[in-house]
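Below you'll find the structure, written out as structure tokens, and then a few comments.
FYI, it's all coordinate maths here, none of it is from the lab. This is a predicted model, so every value here is computed, not measured. Cβ sites come from the backbone with ideal geometry, for glycine too, and all protein chains shown count toward neighbours.
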Amino acid sequence: MLAVPAIDIIDGKCVRLYQGNFLSAKSYGTNPLEQAKAFEDNGFTNLHLIDLDGAKEGVPKNLKTLEKIAKSTNIKIDFGGGLRSTESINSAISAGAWKVNLGTILTSMNVDINIDSIKEKVIAAIDCENNMVKSNGWQNQTSIKIDDLIAQLVNDGFSHFTVTDISRDGTLTAPSFYLYERLRRLYPNVALWASGGVSSITDLKNLKRLGVDGAIIGKAIYEKRINPKELLKCLQNE
């Protein structure tokens, strides 16, 4: 299983939210580029980079940060936040994104974007609470059930999903194991990444045993609940 550290950006700083609430943002006073370099130095090969300013405003605001990290490290960056047009998606890829996280536009039936041409570069980022999908940087509640959306996207040819349980995000209370166990059983052939609630190496071991392909880790690293080098060693030995 791939362990993927996260950097969420607001006003140029690394932050973490609590259950998706922007008003609860906690700044760690860390420069995103320096943090990305630290992750790479600790042995991580991937980075989950989210532009929260962009997610809130509907257009990316931190592409220059993405570009700096891509040019200064060899880490694979999956980037998201405000990617709701062909132009913004292409700009993120040109800036160095290994893959782009698309969420809000996948919940709309009237999107004028040719996703088919870049599908191999897309992670379907599904954010949910009580099994219902939220969009627009977790600010808008939809009437779409997560199972229905994933079934539709799998049918449309999407093969990589990151599923975030918003109620667990930033809480350090453990992931929603039941949710990922169910999704793994329903969709055995897709790449499934878990996000939200990781608080310990034990949580990550349990996700690995469920067959999850990747796990995104945020606050547990920033709050020093998890030692990165110990984490990678444990996952390699599992």
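Considering only region 95-112, I want to know if a residue exists there that is more than 16 Å from the chain's Cα centre (by Cα), in contact (Cβ under 8 Å) with a residue 24 or more places away in the chain, under 25 Å from Ile150 (Cα atoms) and surrounded by 17 or more Cβ atoms within 10 Å (Cβ to Cβ). Scanning region 95-112 turns up at least one residue that is more than 16 Å from the chain's Cα centre (by Cα), in contact (Cβ under 8 Å) with a residue 24 or more places away in the chain, under 25 Å from Ile150 (Cα atoms) and surrounded by 17 or more Cβ atoms within 10 Å (Cβ to Cβ). When Leu207, Leu153 are checked against the criterion of being in contact with a Phe, Trp or Tyr (Cβ under 7 Å, 6 or more places away or on another chain) and either crowded, with 23+ Cβ neighbours inside 10 Å or touching a residue at least 40 places away in the same chain (Cβ under 8 Å) (or both), a single residue qualifies: Leu207.
Considering each residue of region 64-74 in turn, none proves to be within 25 Å of Phe44 (Cα to Cα), crowded, with 21+ Cβ neighbours inside 10 Å and under 13 Å from the mean Cα position of the chain (by Cα). Only residues that are in contact (Cβ under 8 Å) with a residue 24 or more places away in the chain, under 24 Å from Tyr18 (Cα atoms) and either surrounded by fewer than 17 Cβ atoms within 10 Å (Cβ to Cβ) or not aliphatic (A, V, I, L, M) (or both) were counted across region 173-197, and they come to 10. Candidates Gly29, Gly82, Gly43: the one that is farther than 26 Å from Ile226 by Cα and assigned to a loop (DSSP other than H, G, I, E, B) is Gly82. Every condition in (1) over 25 Å from Ile146 (Cα atoms); (2) touching a Lys or Arg at 6+ places or on another chain (Cβ under 6 Å) holds for Gly43 except the one numbered (2). Evaluate the following for Ser24: is it surrounded by fewer than 20 Cβ atoms within 10 Å (Cβ to Cβ), closer than 29 Å to Leu153 by Cβ and of a type in the set (S, T, N, Q)? No; evaluated as a whole, the condition is false for this residue.
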